[in-house]
Every structure is written in structure tokens, then in C-alpha cells.
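Each remark here refers to the structure printed beneath this line.
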Amino acid sequence: MTRLQLTPDGRLKHLLTLEGLPETLLHRIFELADSFLEVSTRSVKKVPLLRGKSVFNLFFENSTRTRTTFEIAAARLSADVINLNIATSSTAKGESLLDTVDNLAAMMADMFVIRHAAAGAPVRIAQHLAERGQTHISVLNAGDGRHAHPTQGLLDMYTIRHYKREFTHLSVAIVGDVLHSRVARSEISALSALGVPDIRVAGPKTLLPKELSALGVTVTHDLDEALDGVDVIMMLRLQNERMHGSFISSVAEYHECWGLTPERLKRAKPNAIVMHPGPMNRGVEIASSVADGPQSVILPQVTFGIAVRMAVFALLADVAPGAAA
Amino acid sequence: MSLASLPLQIPPAEELYIQLRTAFFAVWESYDALVGIHTGGAWLAERLHTDIGGSLPLGRLDVSFYRDDLARRGLARHAVRPSDLPFAVEGARILLIDDVLYTGRTVRAALNELFDYGRPKMVRLAVLVDRGGRELPIAADLCPWRADPPLPPPYRLELTRRQDATFTWELSS
């Protein structure tokens, strides 16, 4: 997959996963995001970098929030953004995924932003485009099943970099429903690549995948232990659909054991930051007073998310055919 | 191509800076702000700013996102810096500063970026060298040296800043 998403000279062709992305490329994305963050503070929030490019948002799984952030990022780069509401389009009439992609490629798309419930769908689409010789089109994974959500991982890393500057001395706790989270995998890959020495993952046994310790992280089933002296707390969303299944016994019990409360937060360093990818379940994985408290950086994460997505778009556009080395 | 075969001699950057500064001292009071183009122009602007005792606000533009040749040249290889204009562009008389005027495309990009912040009352351009080879109707108002004949295209001429903040040219081909 690494081979698919990088050009032979090491530039970003597609963004499918954070696994295998070189640290230098991550830092390049962060530096560009710094500049795009400045663009977003102007009265005219727009630069002409992607003028004339067509970005297609293909959301096979609904996520208004994520779609909107990609839409804003593309618009601020002056790209034309086309949103496809897949539920009411041809796929509902039985057209296959790859037929849809071929049709959009014929409409001279430059980039596809893809959200799909099936893990691997963006990779399959990128491979298909290569087979069809549509090598000018870039694919950006906006979340595929339980597999990956690379831009969320990047914006989380950017947030940590913003508040903590360096990665190489940090202790980071990832807490909650890791099993169903595509964010957690992307985060663990990126944290490791950036040299974070202490990555702790905590959650109930039913919500932690078994292969976790192979990723070089410390796994614990005790929240207090996970939070002890950490610099960064990354809370995961408890997926609504899991709340009534056999994964947890009750929402109240989940909050009791795994919810981040002000008392629990005291176990972390006094200047620890609290992150959450949103949307939050207040009173479930996170107490309102923590979510709205001084250590919360949840809303800055949203702002940074736009700048980071702009940076990714810019790098993808940068490998247009004919681009000089 | 060796430097010895150059059809012209480029004056030392420090010498040109002193000349530019002299011209600038005569006119700076008719401006409201200085804006340097990253990187060479930003260094020049910084030094002019210091040499007038910081009397005008100083801004910096990185025009990487405004270039018209992304598909041909790719995104800037240098680390892109956030632009910073700590004054109101609307209605301001701005002196835009770059090290070398060549095709005019960088200045075009800088003008577009400036206008995204507001409508300046006036923009003038100061450079150390006009190397010839313009592709757009853009000219420098302050310019201590114009290459005649133009510096041939294979040469790259860039300002560099020494440890002690003085300037020197880097010429490569």
C-alpha cells in the first residue's frame, strides 16, 4: 500500500493510510498546515493553489461533518467541489462501485475523497484507477470501515505538535472503543513514526483488539493506570450502535469505568491536553466539564483539521503529471 | 556553464544594498508599510526596516500558494512560511520588496495575495537586481542595477544572507 500511495521519488500520490508514511513527509504536511492555518484567519480565506481542479467527495457512508471539512479545505484552495450523495445516486440503482468511479473519471475528476463502510475500498479504487491508466487522479481516504482515517490521524498529530512541540518525550494515552475505531489505528501508526516513546491504549477487554500489543503499545484495562502522568489524552468515541450490544453492559457503567471525569484527569500531567475526534457523547466517554474545560483542545482540533486537509490536497496536487522534480 | 563565461559582471550584493538603501531613505516617508517576499525579499525588507529604526510596519509574503506554475514546477521545495501582514492592507501605500526581478511571475503572485487582504492605495516594487527576461508587464520602481544584456535563463541568481546579516549572491546554473 505504501508503494501505491507514494511516487517513485517519494511524493504523495494517494493518501490511503498513515502506515508506512515517512516521518519527513509527515513534517512536510505539518509545515504546510502552519501556512494554511494562517490563510484561514484572513478575511478572504482562499488561495488559488487548486484553481480549476475538480475534487469529488464520494461518501458511500454518511458523515456530514467529515465531508464538510473536506469541502471547506478544497474550497479554500479554490478547487471546484462536487459532493455525491451516494445513497440517492446510481449505486442505489445497482451500479457497481468501480463503474461509478469510471464514470466520474470520465468527468475529468482530479481527486476523489472517499468514505466507505468497507475497509480497503479506497485502496481498491486507487488500484482500479491505475489499471485504467487514470494516473492523474488522486485518492484520499476519508475513512474506510475499521481500517483507517488518515486525515484524522494527521490532524491529531498536528494538534499534539501545536501544543507540545516535540514528540520524542511524550506519553500519550488512547482511551475507549479501539476495536471499532478507524482513528486509533491511524493514530498509533503516526505516533510511532513520529517517535513517541510511550503509547498507552486503554479500554474494556471487549473493545480492545487482540493484536494491539504487536504494534508496540502498552495495553491496559485500567484507566487510572493509563492516565498516570501522561501529556496527551486521546479519547475515542463510543459508537452509538455499540452501546446496546454485548460489548458493554450499560452506558452508565461505561462512564463509571471509562469516562474521563475531572477527578480522573488529575492523574495526568497538569498541562496535559484532552482530545476527542468528535462527535462527543457527553456524559459517556467524556464528562461535559472536561470537554469544556481548560485542558480540552477539541475545538482547535476542528480548526486544525481544515488546515491539515488543505496541506494534504496541496501535496496531492503537487504530483500532477509534468511536475518537475 | 562557468561563471567566467558570463557576459556580464554582477555587482556585489552589499554594494547594491547600500545603493538601494540610499534611494529608499529618500522616499520611505511616502509609504505606510514594507512587505518582503520570502526569502530574499523578506531579508531585504527586514534590513531596510531596521535601517529606518523600525518606523514602518514590516510584513512578509510567501507566494507559494499563488504561483501559476504549480503543475510545471511543483510546490516550492523550501519550507513554506505563513504570510504575515501585521497592518491593514486596505488603503495602505505599500513598498513590495524582492531580491531579483526576473519573469515577473513572483511579483504577480505577490500582488494577487496582497489583494486578498484588502485594496492597497498604492504598491511599488523595490529589487536589488533586474536580471531581464520579463514575461509580464511588471517593472521595478527602485532598482540599483539592471542586467544588460539579460542574465541568460540557465543561471539562477539568489540572494543569500551571511551569519553577520550581510548579503551575497549565489549564482548557479
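Of the listed requirements (1) more than 18 Å from B:Leu48 (Cβ to Cβ); (2) more than 14 Å from chain A (Cβ to nearest Cβ), B:Cys143 misses just one: (1). Please go through region A:130-181 and give me each residue that is under 28 Å from A:Asp231 (Cβ atoms), acidic (Asp, Glu) and not in a loop (DSSP other than H, G, I, E, B), ordered by number. The answer is A:Asp156, and nothing else.
Within region A:23-33, the residues that satisfy the criterion of being under 23 Å from B:Asp68 (Cβ atoms) and not hydrophobic (A, V, I, L, M, F, W, C) are A:Arg28, A:Glu31. When you check A:Glu187 against the structure, is it without any contact (Cβ under 8 Å) to a residue 12 or more places away in the chain and charged (D, E, K, R), yes or no? So A:Glu187 fails the test. Comparison of A:Val219, A:Val201 shows that the only residue that is assigned to a strand (DSSP E or B) and surrounded by fewer than 20 Cβ atoms within 10 Å (Cβ to Cβ) is A:Val219.
Here's the yes/no breakdown for (1) open to solvent by 20 Å² or more (accessible area, probe 1.4 Å); (2) among the acidic types (Asp, Glu); (3) over 30 Å from B:Leu111 (Cα atoms):
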residue: A:Gly52; (1), (2), (3): yes, no, no
residue: A:Val55; (1), (2), (3): no, no, no
residue: A:Thr64; (1), (2), (3): yes, no, yes
residue: A:Thr68; (1), (2), (3): yes, no, yes
residue: A:Leu77; (1), (2), (3): no, no, no
residue: A:Val81; (1), (2), (3): yes, no, no
residue: A:Asn85; (1), (2), (3): yes, no, yes
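Within region B:129-173, being of a type in the set (Phe, Trp, Tyr), within 25 Å of B:Val27 (Cα to Cα) and in a loop (DSSP other than H, G, I, E, B) holds for no residue.
Would you check if there is a residue in region A:83-93 being touching an Asp or Glu at 6+ places or on another chain (Cβ under 8 Å), touching a residue at least 40 places away in the same chain (Cβ under 8 Å) and over 30 Å from A:Arg165 (Cα atoms)? There is no residue in region A:83-93 that is touching an Asp or Glu at 6+ places or on another chain (Cβ under 8 Å), touching a residue at least 40 places away in the same chain (Cβ under 8 Å) and over 30 Å from A:Arg165 (Cα atoms).
Here is a list: A:Leu49, A:Leu15. Which entry is at negative phi and within 14 Å of chain B (Cβ to nearest Cβ)?
Result of the check over A:Leu49, A:Leu15: A:Leu49.
Put simply, of A:Arg165, A:Arg182, A:Arg146, A:Arg237 the only residue that is surrounded by fewer than 23 Cβ atoms within 10 Å (Cβ to Cβ) and within 30 Å of A:Met107 (Cβ to Cβ) is A:Arg182.
Whenever a residue of region A:122-139 is on the phi > 0 side of the Ramachandran plot, it has no partner that is open to solvent by 10 Å² or more (accessible area, probe 1.4 Å) lying with C-beta atoms less than 6 angstrom away and at least six residues away or across chains. Within region A:3-43, the set of residues being over 30 Å from B:Val89 (Cβ atoms), of a type in the set (Ser, Thr, Tyr) and more than 17 Å from the chain's Cα centre (by Cα) comprises A:Thr7, A:Thr24. Selection of region B:9-39 for residues being assigned to a loop (DSSP other than H, G, I, E, B) and of a type in the set (Val, Ile, Thr) yields B:Ile10, B:Thr39. Of note, B:Val89 does not satisfy the criterion of being in contact with a strand residue (DSSP E or B) (Cβ under 9 Å, 6 or more places away or on another chain), of a type in the set (Val, Ile, Thr) and either under 15 Å from B:Gly40 (Cα atoms) or more than 11 Å from chain A (Cβ to nearest Cβ) (or both).
Of the residues that sit in region A:275-297 and are within 15 Å of A:Tyr163 (Cβ to Cβ) and out of contact with any Asp or Glu (no Cβ under 9 Å at 6 or more places or on another chain), which one is most open to solvent (accessible area, probe 1.4 Å)? Looking at residues that are within 15 Å of A:Tyr163 (Cβ to Cβ) and out of contact with any Asp or Glu (no Cβ under 9 Å at 6 or more places or on another chain), I get A:Pro294. The residues listed here are A:Ser78, A:Ser96; of these, the one that is in contact with a Pro (Cβ under 8 Å, 6 or more places away or on another chain), free of Cβ contacts under 8 Å to residues at least 60 places away in the same chain and small (Gly, Ala, Ser) is A:Ser78.
Only one of the numbered conditions (1) surrounded by fewer than 20 Cβ atoms within 10 Å (Cβ to Cβ); (2) at negative phi; (3) out of contact with any Phe, Trp or Tyr (no Cβ under 8 Å at 6 or more places or on another chain) is not met by B:Arg93, and that is (3).
Pairs meeting the criteria (first residue in region A:278-292 and over 16 Å from A:Pro262 (Cβ atoms), second residue crowded, with 19+ Cβ neighbours inside 10 Å, beta carbons under 8 Å, at least 6 apart or on different chains) are A:Gly278/A:Arg237; A:Gly278/A:Ile298; A:Gly278/A:Gln301; A:Pro279/A:Arg237; A:Asn281/A:Arg237; A:Asn281/A:Leu238. B:Arg81: within 14 Å of another protein chain (Cβ to nearest Cβ), free of Cβ contacts under 8 Å to residues at least 60 places away in the same chain, open to solvent by 40 Å² or more (accessible area, probe 1.4 Å) and closer than 19 Å to B:Thr160 by Cβ, yes or no? Criteria met by B:Arg81. Within region A:109-129, the set of residues being open to solvent by 40 Å² or more (accessible area, probe 1.4 Å) and assigned to a loop (DSSP other than H, G, I, E, B) comprises A:Ala117, A:Ala118, A:Ala119.
For region A:25-38, filtered to residues that are touching a Leu at 6+ places or on another chain (Cβ under 9 Å) and open to solvent by less than 10 Å² (accessible area, probe 1.4 Å), the residue that is nearest to the other protein chains (Cβ to nearest Cβ) is A:Leu32. If you go through region B:105-138 and keep only what is open to solvent by 40 Å² or more (accessible area, probe 1.4 Å), away from chain A (no Cβ under 13 Å) and among the hydrophobic types (A, V, I, L, M, F, W, C), you end up with B:Met122, B:Val123, B:Leu136. Of the numbered criteria (1) at pLDDT 90 or above; (2) surrounded by 13 or more Cβ atoms within 10 Å (Cβ to Cβ), the one A:Phe247 fails is (1).
The values are calculated or read from the model by the stated rules, or taken from the named source; none is laboratory data. Quick caveat, the model's predicted, so the values are computed rather than measured. Heads up, the Cβs are rebuilt from the backbone with ideal geometry, glycines too, and the neighbour counts pull from every protein chain shown. Heavy atoms of the whole protein, side chains included, go into the accessibility calculation; ligands, DNA and RNA do not. Shrake-Rupley method; radii C 1.70, N 1.55, O 1.52, S 1.80 Å.
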